[in-house]
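Colleague: Take this structure first; my questions come after.
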Amino acid sequence: MPTLMREQPEPQRNEAHKARQMAESFGVDAERYDRARPAYPDALVRRIIDAGPGPRVLDVGCGTGIEARQFLAAGCEVLGVEPDARMAEFARRTGVEVEVATFEDWDAAGRTFDAVVAGQSWHWVDP
C-alpha cells in the first residue's frame with residue numbers, strides 16, 4: 001500500500017514541514033506503522049532522562065507512541081503532541097496521553113517540561 005501521493009512533489013531540503021499530506025499519511029495504517037518502526041536504544045532514552053532536571057517529557061510528533069512508551073516505561077510523565085488523529089488514537093490505546101495538534105499550533109497552556117524529544121519527527125516541524 002503506497003503512502004505517498006504521486007501528485008505531490010518531493011519537498012526541498014529542509015522543507016519537509018511543507019509536505020503535510022505526506023507527514024499525515026502514516027496514520028492510514030497506524031498499527032502497521034507501529035509494528036514496522038523500531039524502538040529507540042534504551043541507552044539513549046536513559047541518557048536523556050539522566051541529563052534532564054525531572055521526569056516531565058514532551059514528545060513532539062509522537063506518532064503511535066513508540067518513543068513515548070519507552071519514556072513511560074522508564075518512569076517519566078509523557079505528553080505527546082501529534083497532528084494525525086489516527087496516530088494519536090493508537091498512541092492513546094497504548095497508554096500515552098496525546099494532544100492532537102501540530103507542534104507549531106499546539107498550546108502548552110503554561111505547562112513546562114524537563115525534556116522535549118522528537119524521535120523521527122523534527123524535520124516535519126516548521127523551523
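The values are calculated or read from the model by the stated rules, or taken from the named source; none is laboratory data. Remember, predicted model here, so these are calculated numbers, not experimental data. All Cβ positions, even for glycine, are placed from backbone atoms using ideal geometry, and neighbour counts span all protein chains on display. Only protein heavy atoms, including side chains, enter the accessible area calculation; ligands, DNA and RNA are left aside. Shrake-Rupley method; radii C 1.70, N 1.55, O 1.52, S 1.80 Å.
Colleague: Kindly indicate the residue of the stretch 100-115 that is among the aliphatic types (A, V, I, L, M) and within 19 Å of Thr64 (Cβ to Cβ) and also most open to solvent (accessible area, probe 1.4 Å) among those meeting that condition.
Modeller: Val100
Colleague: Return the residues of the stretch 76-93 that are under 20 Å from Leu44 (Cβ atoms) and either open to solvent by 60 Å² or more (accessible area, probe 1.4 Å) or among the polar types (S, T, N, Q) (or both); say none if nothing qualifies.
Modeller: Within the stretch 76-93, Glu77 is the sole residue that qualifies.
Colleague: May I pose another question? So if I check each of Thr102, Thr64, which one is in contact with a Pro (Cβ under 7 Å, 6 or more places away or on another chain) and not basic (Lys, Arg)?
Modeller: Thr102
Colleague: Name the single residue, out of those in the stretch 46-75 being among the acidic types (Asp, Glu) and within 22 Å of Glu31 (Cβ to Cβ), that is surrounded by the most Cβ atoms within 10 Å (Cβ to Cβ).
Modeller: Across the stretch 46-75, the extreme among qualifying residues is Asp59.
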